[in-house]
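K.L.:
What follows is a single structure, and I will ask about it in a moment.
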Amino acid sequence: MAGDAIVDDTLAAKFATEKDSPYTRWVEGEGLEIIAAHYVPDLRTVDLKPWDRRGGRGVYINHEATRTSNDCYVCEIPAGAALAPQRQLFEEMILVLDGHGSTKVWNDNGAEVTFEWQPGSLFAIPLNANHQHFNGSGQKTARFVASTNMPPVINLYDDVDFVFGTAKDFPKRFNGEPDYFAPKGEQKGLLLDTNFVADAVNLPLVHAAERGAGGGHIRFNMARGSMNSHISQFPVGTYKKGHRHGPGAHVIILSGTGYSLMWPEGEEPRRYEWGPGALIVPPNMWYHQHFNTGEEPSRYLAFKHEGVSIRNAQGVPKAWISQRLGGDQIDYADESPVVRELFREALAKYGIEPNMDAVYEAELPTLAPKP
């Protein structure tokens, strides 16, 4: 069995100081905690602590297996208030969970852009651009979840003043363009080149049969950065193909109800129930698979860094390629019989029948021979 590679305390103690890092010390210095979990039931209600420097409340969510690539945090803006202005030598992508408000972004040349957001809005902060978030309500808090590639930056420089206080514009990333955060973009295959999505929950997707179940998919290039993310959706009574990839994916449920299975190779799957607002964090190279047990399509957003996408020589992520071809995706025909049994049992509780028979049949002619 593969196991989690957990060793005895004697060996672990020899590496204890190496688990500490400039990044973990920075989070502690901010007065915040790191949730080192595979699963958070609801980001909209997860407990937060006062974040005095920013003028809000927050918590970081970062499994140990992803802590050196990218991270995730939840932040709340008090009613009638704004977070402190900030600039940063790392990239950040933001999904609004609750509330309405606006964000101002400006550079050292004095060019500034302000845009409004709502629940489901998705946008990115350009590298080292000054920015400030405002809550548009005087009575309700606003809350967002963000993913950044701060960990390797903080760990590399170990200099907070440099990371957050360097006066340097990157005009190729942001040059004060008035329409920079307009809800527009250029579609390039599965990739949408944009800086702002007004409503990620209802954004039209591109058909992507390769992930199974006739679902939709769209990938994002935002703020001309190296952070990436994608949205996937799959129909009622269906589930996605199991797959694995590198660390750092933070999967946020946007709509629907269901569950996910996650497991390291050689172990039994672990099950996590979800609905809107839930977060799933697959550890490095763990297989995972998502199942829709509700009465509407299920949709999720995956925040991640490019390092998670282990690609072949053609640039295709191996998580999209069948194991029969040397990839990291499990074909329906090769999955454990337990997967289908668990899914049928889960749907039966709600009086729903699986809609997978046609999907299984359609896959068969496309299968490569088993190696």
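K.L.:
Can you list the lysines whose alpha carbon is less than 19 Å from that of Lys240, not counting same-chain residues fewer than 8 positions off?
P.N.:
Once the sequence-local lysines are set aside, what remains near Lys240 is Lys304, Lys318.
K.L.:
So which aspartates and glutamates pass the test for Lys49, namely a Cα distance under 13 Å, with those fewer than 8 places away in the same chain ruled out?
P.N.:
Glu28, Glu30, Glu33, Glu76
K.L.:
The range 104-131 to the range 176-254: how many Å between their Cα centroids?
P.N.:
One Cα centre to the other: 20 Å.
K.L.:
Gain in length, Val206 to Lys19, computed as 0.36 nm per residue apart minus the alpha-carbon separation, to one decimal in nm?
P.N.:
So the chain would gain 63.2 nm between Val206 and Lys19.
K.L.:
Hey, another quick one. What net charge do the residues around Leu48 carry, taking every other residue with its C-beta under 13 Å from that of Leu48, with Lys and Arg at +1 and Asp and Glu at -1?
P.N.:
Neighbour charge sum, excluding Leu48 itself: -2.
K.L.:
For Val338, project a label point 7 Å along Cα to C-beta. Then give me every residue of the range 277-300 with its amide nitrogen under 16 Å of that point.
P.N.:
287-290
K.L.:
Another question, then. Convex hull over the Cα atoms of the range 229-371, averaged projected area in nm²?
P.N.:
8.5 nm²
K.L.:
Suppose all protein chains stay in the model; what accessible area per residue would a 1.4 Å probe give for the range 34-103, in Å²?
P.N.:
Accessible surface, normalised per residue, equals 34 Å².
K.L.:
Follow-up question, since we're still on this one. For a quick check of understanding: with a 1.4 angstrom probe and all protein chains in place, what accessible area in square angstrom does Leu127 have, to the nearest ten?
P.N.:
Rounded to the nearest 10, that gives 30 Å².
K.L.:
Further question: Please work out the Kirkwood hydrodynamic radius for the range 51-206, using every pair of different C-alpha atoms, and report it in angstroms with one decimal place.
P.N.:
With all distinct Cα pairs of the range 51-206 included, I get 16.4 Å.
K.L.:
Rg and Dmax of the range 3-132, Cα atoms, in Å?
P.N.:
Rg and Dmax of the range 3-132, Cα atoms, are 17.3, 56 Å.
K.L.:
Within straight cross-link reach of Lys104, meaning Cα distance under 22 Å, which lysines are found once same-chain residues fewer than 8 apart are removed?
P.N.:
Lys140, Lys168, Lys172, Lys184
K.L.:
Calculated FRET efficiency, Glu296 and Thr68, Cβ-Cβ r, R0 45 Å, to nearest 0.05?
P.N.:
For R0 = 45 Å, the calculated efficiency reads 0.75.
K.L.:
Can you give the convex hull volume of the alpha carbon atoms of the chain per residue, in Å³?
P.N.:
Per-residue hull volume (Cα only) is 153 Å³.
K.L.:
Measuring from the lowest to the highest alpha carbon on each principal axis, how far does the range 148-217 reach, largest first, in angstroms?
P.N.:
48, 32, 20
K.L.:
Still on this structure, I have one more. Order the peptides 35-46, 214-225 from the highest to the lowest mean number of other Cβ atoms within 10 Å of their residues.
P.N.:
The most tightly packed comes first, giving 214-225, 35-46.
K.L.:
Right, another one. Averaged over every viewing direction, what's the projected area of the C-alpha convex hull for the range 56-95? Give it in nm², one decimal, please.
P.N.:
Averaged projected hull area, Cα only: 3.6 nm².
K.L.:
What residues of the range 70-88 lie in the reach of a label at Gln139, counting those whose backbone N is under 14 Å from a point 7 Å from the Cα along Cα→Cβ?
P.N.:
Counting backbone N atoms under 14 Å from the label point, the list is 79-80.
K.L.:
OK, next. At 7 Å along Cα-to-Cβ for each site, give me the label-to-label distance between Glu268 and Thr10 in nm.
P.N.:
Placing both labels 7 Å beyond Cα along the Cβ direction yields 3.1 nm.
The values are calculated or read from the model by the stated rules, or taken from the named source; none is laboratory data. As the structure is a prediction and not an experimental result, all values here were calculated from the model. So basically every Cβ, Gly included, is an ideal-geometry build from the backbone, and we count neighbours across all protein chains shown. The area values use the complete protein model at the heavy-atom level, side chains included, leaving out ligands, DNA and RNA. Shrake-Rupley method; radii C 1.70, N 1.55, O 1.52, S 1.80 Å.
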